[in-house]
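In what follows, a structure is listed as structure tokens, so that the remarks can point back to it.
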Amino acid sequence: MPVSAHDVADEIRRRLGDVGSVKLQKLLYYAQGWHVAHTGEPMFREAIKAWVNGPVVADLWADEKHQRGRPSPRALDDAALATVEYVVERYGHLSGPDLIRMTHDEDPWREVSESDDPATPPNPEITHEALARWFRNDKDYKWFQSEVERLRRRTDIYSFAPLDRTPDLEAAIARAQRGERVRQTRPG
């Protein structure tokens with residue numbers, strides 16, 4: 001079951017710090033796009049809309065702008081964490097304006113925002129199908145698939161003590177899922 005875009009935003013901010021709203025919105029778009037292309041399922045449940053400055057998770061944007069409540073936090077699974085890691089590595093160094101320009105050149109945003117159909121609503125939704133089609137055709141898609149699978153299979157938790165004698169096991173697991181190396185040795 002998909003998590004909330006808030007959960008994905010938290011993970012992006014944890015890795016990059018305060019990235020600003022524009023950059024965060026574009027990184028969420030890339031995370032959703034790569035994830036749905038790879039797994040066939042959305043990473044987060046909120047819709048992505050085609051706004052003037054590119055793709056936006058409108059619900060998250062409104063929640064943060066108006067300081068509204070958010071859903072209860074949920075942990076990202078290994079596939080989602082691997083996708084976020086890939087997105088942060090590939091796009092994290094770019095600025096908000098750079099990402100706006102990139103998304104404006106991509107079919108998922110262009111197809112709905114530049115439509116001549118008078119029935120097209122303002123800020124139309126970018127569908128998961130459009131994302132999957134675009135990202136599966138990216139020149140790096142095959143490499144992305146292998147990289148995500150490698151990241152998902154990575155095992156960095158070493159524990160030799162019984163679970164009841166392993167302090168902070170859940171914290172160690174969470175750190176390992178974030179890509180940090182965790183070593184637990186046998187208690188004295």
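Observations on the structure shown:
- Selection over segment 19-29 of residues that are surrounded by fewer than 24 Cβ atoms within 10 Å (Cβ to Cβ) and either of a type in the set (Asp, Glu) or closer than 18 Å to LEU81 by Cβ (or both) gives a count of 1.
- VAL148 fulfils the conditions (1) modelled with pLDDT of 80 or more; (2) under 23 Å from ALA9 (Cβ atoms) except for a single criterion, (1).
- Residue among LEU99, LEU131, LEU76, LEU81 that alone is buried (at least 16 other Cβ atoms within 10 Å of the Cβ), part of a loop (DSSP other than H, G, I, E, B) and at pLDDT 70 or above: LEU76
The values are calculated or read from the model by the stated rules, or taken from the named source; none is laboratory data. Please read these numbers as outputs of a predicted model, since none were measured by experiment. Don't worry about glycine lacking a Cβ; one is built from the backbone with ideal geometry, like all the others, and counts go over all protein chains shown.
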